[in-house]
Each structure stands twice: as C-alpha cells, then as structure tokens.
C-alpha cells in the first residue's frame, strides 16, 4: 500500500489534493488486478480515466468505465476473482449498486494513510458495441509498477463516445476530453459516431449542431465541472482554457 510520505510527494508533484492521488492509486491497483486475469481481454477500458491514464490527459478522473464483450457468466467469474484478490491484499471493499443496464460496483477504501474514505465507481456496459481493442501497459509516476496489458478503446473510438456524450448530456469534462484527444491527433470518424449514437436510437449527426452545443455550454458550468479534476494552480485559468477549447473545437468541426 502507498505510504503517507509517497502521497505527500505526489501531491507536491501534481498539485492536487491527497484524495485525488489516493483515488488514482486505487484505480491503478484495480486495473492491474483486473488485467492480470487471463480471461480479461473481453473487458475494454474506456472513458475519462482511460484518457488520463492511457493517453496522458492532465485532468484527473473519478470513475472506471468499461465495455464488456465477454459473456455475463465469464465476467462474473473474473470480477469475483479480482474483488477477492484485492480485498485480501488491501483495505478495499466492493459493493454492487443498482443500475438499469450493465453492472455497477462501488470500490471503497478506508486506509490509515489519508483522513477520509475514498470511492471509485466501476461501470461495466454489456449492450454497447466495441469497435477497437488496443493493449497498453500503463506508465505512471506512482510508486507502482504495472505489468499487465490493459485492453482499451482507441483514441478515435473514445472521441466518438465523447461526441455522443456532448450531444446527450451536459458535462464540461466531455468538451475538455474531446479537445484533448483531437489536439493529440485523434480523428472524428462519422461512421463510428453514428454507431455510438445508435445506442440511443439516433443516427443523425450534424457537426454544426455539435459546434452549437459546445459554444452554448455555460462557462460557469465548465469551470465547476472541471475544477475538482485539475491541478490547483490551473483552476484560475479554466475560464481562459474554456475560451481556447471552444474556439479550437469550433474550428475543427467547421473543417470536418
């Protein structure tokens, strides 16, 4: 388990609260344990935390999101094994939570190294199609040496999911994530975006509508949503960042 001194050093390095550091440590522990399992290739890591850990976005994240292409029976065997291993080795508990689709669990840790309990939501979707399955060993500055190949979505597929998210919900982090991935060379694949939208029964796609939705997103909501996930010294620059990001995305969408 990570020590108090190691947490303090990482707080100084990344300029975020100790709770954010410890949550990321838990995320790394879970991913390592999950992908050590020899049947875990059918569980595909995605979402904001994948963008942070795999693609090195500077914003931190709170949940672990996955698509599952394995059968429910196989998934249950895997997840029970992972939970048992982590509960045995660390002060970690897991509780299944109610959800309409898929499987959702709450990971809870109450260690001595920080004051408060730390939580990580684990969300597993079984209904969505997965178009890519790439493999990466996570590189991290944490006192932890990952050895497992993490199965994850490609940048372009996560972009497609982020476009869908912007069109179907209102979270500033989705706009930030889309900007980051496109700035790192990811592409807007119309076919993949339509595929993702079909999950909600909608295959219509207009980049003009997407651009309007991004431009109309309130700067105050953007700042409030991103504030807990960026370095303390970056928080005062979020309004300026909003202006840069929305302009960048508008230009990108006009060219697409």
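What follows draws every value from the coordinates through simple rules; no lab data is involved. All values derive from a computational prediction rather than experimental measurement. Cβ coordinates were reconstructed from backbone atoms using ideal geometry, including for glycine residues, and neighbour counts include every protein chain displayed.
Of all DSSP beta bridges confined to the range 4-153, the antiparallel ones make up roughly 80%. Between residue 63 and residue 100, the distance separating the two model label sites (each 7 Å from Cα on the Cα→Cβ line) works out to 1.3 nm.
Could you work out [θ]222 nm for the chain from helices alone, using -39500 (n - 2.57) per DSSP H run of at least four and dividing by all its residues? Round to the nearest 500 deg cm²/dmol. One gets -15000 deg cm²/dmol as the mean residue ellipticity at 222 nm.
Label zone (residue 232, point 7 Å along Cα-to-C-beta; backbone nitrogen cut-off 13 Å) within the range 1-39: 8-21.
Diffusion of the range 156-255 by Stokes-Einstein, at 37 °C in a medium of 0.692 mPa s and with Rh set to the Kirkwood radius over alpha-carbon pairs, works out to 239 µm²/s. Given their separation in residues at 0.36 nm each and the Cα-Cα distance between them, residue 135 and residue 240 gain 34.3 nm when the chain is fully extended.
In what sequence do 119, 25 fall when counting other Cβ within 10 Å, fewest first? Can you show the working numbers first?
Details: 119 14, 25 23.
Fewest-to-most Cβ neighbours within 10 Å comes out as 119, 25.
Fewest neighbouring Cβ atoms within 10 Å first, the residues 152, 244, 15, 52 line up as 244, 15, 52, 152.
Sorted ascending by nearby beta carbons within 10 Å, beginning with the fewest, 54, 145 become 145, 54. The length gained on full extension between residue 121 and residue 204, counted as 0.36 nm times the residue separation minus their Cα-Cα distance, comes to 26.8 nm. Across the chain, the relative contact order, built from alpha-carbon pairs under 8 Å that are at least six residues apart, equals 19 percent. log₁₀ I(q)/I(0) of the range 26-108 at q = 0.19, 0.20, 0.22, 0.25 Å⁻¹, via Debye over equal Cα point scatterers, no solvent, to two decimals? After summing over all Cα pairs, the log10 values are -0.92, -1.02, -1.23, -1.48. Volume per residue for the range 4-153 equals 108 cubic angstrom (convex hull of Cα atoms).
The equivalent ellipsoid of the range 162-202 has semi-axes of 18, 14, 4 Å, largest first, where each one is the square root of 5 times an eigenvalue of the Cα gyration tensor. The mean of 1/r over all distinct Cα pairs in the chain, once inverted, gives the Kirkwood hydrodynamic radius of 19.2 Å. The convex hull defined by the C-alpha atoms of the range 1-71 has an orientation-averaged projected area of 5.2 nm².
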